[in-house]
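*Asks:* Below is one structure. I have some questions about it.
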Amino acid sequence: MPAQLKNSPPRSPISVPNTSPPLKKSLSVANTHSPLKKNPSVATPTSSLKKSLSRKTTPQNTPKNTRTSHSSITPISPPSTSHPHDNKLLSTDFIAQTLEAMLILEHGTIKITKIKELLKIEDIKPLTAAITLLNKRYAQAKLITKIEKLADTLELRIDPTFKNPVIETYVKKKRKLSPALLETLAIVAYKQPVTKSDIEYIRGASCTSALKILLSTQLVKISGHKDAPGRPPLYRTTEAFLTFFSVTSLRDLPPIKDLKTYHFLKNK
C-alpha cells in the first residue's frame, strides 16, 4: 500500500441530501387525485346518469304522498252483444230483404206470425211497408212476381196482370175440377164447419170420393169433430183453397144469392 494512503486521515461518510417529501404527505397528495374519493364539486358519469334516470321515472306535476282515486277511473263498458233484430226501428230495406229470403227458403209461402217472430216486431205496418217496397221493385224491374197477403199468410205469386198463353193454359188444366168436386167444395166453403152428412143432405148425393180427393189436394181439411153421436169430423177449407181461387179471405167469395150454378146453397 502506498505511504500516502496510510498516513491520510479517515474520511467522514458522504451524506446525500434527502429531497423526497414525507410519506404521509405524499399519500395525502395521491389521494386527492384518486377516483375512489368522492368530490362533490366534480360530477362523475355515474352521478349524472342517476340524475337523468330519476328525472324520467319521477312523474311530473304529481304531488308527493298522494294516491290515485278509483272514482276518477272511467270503467270500460263491455262490448255490445245486442242483435240487429233487437232494434225496434228496423229499416224497411232490412225487413224487405229478410222477407224475400224467407219466402224463397219457405218455397214461396210464409205465415205472417212467423216472419214477425223472426224480426221481433209486433206491428204489421213495417211488414206492409216492406211488401210495398218489394212489389215496387218487381214492377220497376218488369218481373212477373208479386207478394200477396192471403189471410194470415204471405205468398210470392205470379202477378195477375201477367199475360202469357202458355202459362194460362197450364193454370187452367191445373185448376180443373169436376162438377162433383166443385159442388162439394162450394158447400164446405159456404157452410163450414160442416159434416159429411150435412154435405150430402145439401147436395142430395154421396160425397165420399169427392171429400177424399179434396183432402188429398189439401183444399179441405178436418178441423175437429162435432159433439154428436159418433163424433163425425168437421170439414173446413184451407189456405190452399184461398190460393187456388186467388182470394185473400173467405169474405172475398161472392155472396150465395149471386150464385147461379150452385142454387142448392140458397135454400139450405
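The values are calculated or read from the model by the stated rules, or taken from the named source; none is laboratory data. Keep in mind it's a predicted model, so treat the numbers as computed, not measured. Methodologically, a virtual Cβ is constructed for each residue, glycine included, from the backbone with ideal geometry; neighbour enumeration extends over all protein chains shown.
*Asks:* Can you tell me which residue within the range 137-194, out of those that are of a type in the set (Ser, Thr, Tyr) and over 30 Å from Ser206 (Cα atoms), is surrounded by the fewest Cβ atoms within 10 Å (Cβ to Cβ)?
*Replies:* Of the residues in the range 137-194, the ones of a type in the set (Ser, Thr, Tyr) are 138, 145, 153, 161, 169-170, 178, 184, 190.
From what's left, over 30 Å from Ser206 (Cα atoms): 138, 145, 153, 161, 169-170.
Values: Tyr138: 17, Thr145: 17, Thr153: 18, Thr161: 8, Thr169: 10, Tyr170: 11.
Per the stated criteria, the residue is Thr161.
*Asks:* Taking the range 191-224 as the search range and keeping residues that are basic (Lys, Arg) and touching a residue at least 60 places away in the same chain (Cβ under 8 Å), which one is nearest to Glu239 (Cα to Cα)?
*Replies:* Of the residues in the range 191-224, the ones basic (Lys, Arg) are 191, 196, 203, 212, 221.
Still in the running and touching a residue at least 60 places away in the same chain (Cβ under 8 Å): 191, 203.
Numbers: Lys191: 16, Arg203: 24 Å.
Selected residue: Lys191.
*Asks:* So is Leu103 under 20 Å from the mean Cα position of the chain (by Cα) and part of a helix (DSSP H, G or I) or not? Write out each step before concluding.
*Replies:* Values: under 20 Å from the mean Cα position of the chain (by Cα): yes; part of a helix (DSSP H, G or I): yes.
The answer is yes for Leu103.
*Asks:* Of the conditions (1) modelled with pLDDT under 90; (2) within 30 Å of Leu90 (Cβ to Cβ), Ala139 fails just one. Which one is it?
*Replies:* (1)
*Asks:* Here's something else I'd like to know. Could you tell me whether Leu242 is closer than 17 Å to Gln192 by Cα, buried (at least 17 other Cβ atoms within 10 Å of the Cβ) and at pLDDT below 90?
*Replies:* On the way: closer than 17 Å to Gln192 by Cα: yes; buried (at least 17 other Cβ atoms within 10 Å of the Cβ): yes; at pLDDT below 90: yes.
Yes: the conditions hold for Leu242.
*Asks:* Kindly indicate the residue of the range 195-206 that is of a type in the set (A, V, I, L, M, F, W, C) and surrounded by 13 or more Cβ atoms within 10 Å (Cβ to Cβ) and also farthest from the chain's Cα centre (by Cα) among those meeting that condition.
*Replies:* Only one residue fits best here, namely Ile202.
*Asks:* Could you tell me which residue of the range 183-206 is nearest to His225 (Cα to Cα), considering only residues that are among the hydrophobic types (A, V, I, L, M, F, W, C) and touching a Leu at 6+ places or on another chain (Cβ under 9 Å)? Can you show your working first?
*Replies:* First, pick out the residues of the range 183-206 that are among the hydrophobic types (A, V, I, L, M, F, W, C): 185-189, 194, 199, 202, 205.
Filter once more, keeping what is touching a Leu at 6+ places or on another chain (Cβ under 9 Å): 185-189, 194, 199, 202.
Values: Leu185: 19, Ala186: 20, Ile187: 18, Val188: 15, Ala189: 17, Val194: 10, Ile199: 15, Ile202: 19 Å.
Only one residue tops the list, namely Val194.
*Asks:* Could you run through the range 125-136 and say how many residues are surrounded by 12 or more Cβ atoms within 10 Å (Cβ to Cβ) and either not β-branched (Val, Ile, Thr) or not in a helix (DSSP H, G or I) (or both)?
*Replies:* Residues flagged as surrounded by 12 or more Cβ atoms within 10 Å (Cβ to Cβ) and either not β-branched (Val, Ile, Thr) or not in a helix (DSSP H, G or I) (or both) within the range 125-136 amount to 7.
*Asks:* Of the conditions (1) among the basic types (Lys, Arg); (2) modelled with pLDDT under 85; (3) surrounded by 14 or more Cβ atoms within 10 Å (Cβ to Cβ), Lys266 fails just one. Which one is it?
*Replies:* All conditions are met except number (3).
*Asks:* Answer yes if at least one residue in the range 145-166 is of a type in the set (Lys, Arg) and part of a helix (DSSP H, G or I), and no otherwise.
*Replies:* No, there is no match, as no residue in the range 145-166 is of a type in the set (Lys, Arg) and part of a helix (DSSP H, G or I).
Residue-wise test of (1) of a type in the set (Lys, Arg); (2) in contact with a Lys or Arg (Cβ under 7 Å, 6 or more places away or on another chain).
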{"position": "Lys120", "(1), (2)": "yes, no"}
{"position": "Asn135", "(1), (2)": "no, yes"}
{"position": "Thr161", "(1), (2)": "no, no"}
{"position": "Ile187", "(1), (2)": "no, yes"}
{"position": "Lys191", "(1), (2)": "yes, no"}
{"position": "Val194", "(1), (2)": "no, no"}
{"position": "Ala205", "(1), (2)": "no, no"}
